[in-house]
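Everything on this sheet refers to the single structure shown next.
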């Protein structure tokens, strides 16, 4: 009986010790799933920007990709990925996302070389996109350091 109680106590202690790590892992999984839903919303927002300002004007806002995304066209999104908009280009009709709610940072760059390089004769704009999070945390006035963020990189294409 004493051995059974000891084993039960050890099992309960182990489960309780694992709870914080499992909770953190669950949060990371939820954030990753939200980030993976962003390409569809991003395509809708970029199409809105192209319709509002012109396709070539949007392409002009997206700089050529370099070794980093430092000068990219930036967008922000909420943690649930329900809303996103360009941070500095053409304000959204529904109002800007408050700084405290900006969880994902989305950076877009154009490809510098053929066959994906953009010019006015082509009917598509190919982009390299990096999504990083957490961009801002509640209660902090400054964005989090880029080195501490999780990120996903993908490519996408926008057609005229």
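The values are calculated or read from the model by the stated rules, or taken from the named source; none is laboratory data. Source: prediction; values computed, not measured. Don't worry about glycine lacking a Cβ; one is built from the backbone with ideal geometry, like all the others, and counts go over all protein chains shown.
Is it the case that the stretch 125-134 has a residue that's assigned to a loop (DSSP other than H, G, I, E, B), free of Cβ contacts under 8 Å to residues at least 24 places away in the same chain, over 21 Å from residue 44 (Cα atoms) and out of contact with any helix residue (DSSP H, G or I) (no Cβ under 6 Å at 6 or more places or on another chain)? I'd like the intermediate steps shown before the answer.
Looking only at the stretch 125-134, we keep the residues that are assigned to a loop (DSSP other than H, G, I, E, B), and these are 134.
Subset that is free of Cβ contacts under 8 Å to residues at least 24 places away in the same chain: none.
No, because not a single residue in the stretch 125-134 is assigned to a loop (DSSP other than H, G, I, E, B), free of Cβ contacts under 8 Å to residues at least 24 places away in the same chain, over 21 Å from residue 44 (Cα atoms) and out of contact with any helix residue (DSSP H, G or I) (no Cβ under 6 Å at 6 or more places or on another chain).
It is to be established whether one or more residues within the stretch 135-152 are buried (at least 20 other Cβ atoms within 10 Å of the Cβ) and without any contact (Cβ under 8 Å) to a residue 40 or more places away in the chain. Give the derivation first.
So in the stretch 135-152, the residues buried (at least 20 other Cβ atoms within 10 Å of the Cβ) come out as 135-136.
The next check asks that each one be without any contact (Cβ under 8 Å) to a residue 40 or more places away in the chain; those that pass are 136.
Looking for residues that are buried (at least 20 other Cβ atoms within 10 Å of the Cβ) and without any contact (Cβ under 8 Å) to a residue 40 or more places away in the chain, one finds at least one in the stretch 135-152, hence yes.
Determine, yes or no, whether residue 112 is part of a loop (DSSP other than H, G, I, E, B) and either free of Cβ contacts under 8 Å to residues at least 12 places away in the same chain or within 16 Å of the chain's Cα centre (by Cα) (or both).
Values: part of a loop (DSSP other than H, G, I, E, B): yes; either free of Cβ contacts under 8 Å to residues at least 12 places away in the same chain or within 16 Å of the chain's Cα centre (by Cα) (or both): no.
No; evaluated as a whole, the condition is false for this residue.
Is there a residue in the stretch 23-46 that is over 24 Å from residue 133 (Cα atoms) and either in a helix (DSSP H, G or I) or in contact with a helix residue (DSSP H, G or I) (Cβ under 6 Å, 6 or more places away or on another chain) (or both)?
Residues of the stretch 23-46 that are over 24 Å from residue 133 (Cα atoms), as a first pass: none.
No, every residue in the stretch 23-46 fails to be over 24 Å from residue 133 (Cα atoms) and either in a helix (DSSP H, G or I) or in contact with a helix residue (DSSP H, G or I) (Cβ under 6 Å, 6 or more places away or on another chain) (or both).
Here are the criteria: (1) part of a loop (DSSP other than H, G, I, E, B); (2) within 24 Å of residue 36 (Cα to Cα). Tell me which single one residue 93 does not satisfy.
Among (1) part of a loop (DSSP other than H, G, I, E, B); (2) within 24 Å of residue 36 (Cα to Cα), residue 93 violates only (2).
Under 6 Å between Cβ atoms, which residue pairs at least 6 apart in sequence (or on different chains) link something in the stretch 32-58 that is touching a residue at least 60 places away in the same chain (Cβ under 8 Å) with a partner that is exposed (fewer than 13 other Cβ atoms within 10 Å of the Cβ) and outside any helix (DSSP H, G or I)?
Partner pairs satisfying both residue conditions: 55/160; 56/120.
Is it true that some residue in the stretch 103-123 is more than 15 Å from residue 35 (Cβ to Cβ), modelled with pLDDT of 85 or more, in contact with a helix residue (DSSP H, G or I) (Cβ under 8 Å, 6 or more places away or on another chain) and surrounded by 15 or more Cβ atoms within 10 Å (Cβ to Cβ)?
Looking for residues that are more than 15 Å from residue 35 (Cβ to Cβ), modelled with pLDDT of 85 or more, in contact with a helix residue (DSSP H, G or I) (Cβ under 8 Å, 6 or more places away or on another chain) and surrounded by 15 or more Cβ atoms within 10 Å (Cβ to Cβ), one finds at least one in the stretch 103-123, hence yes.
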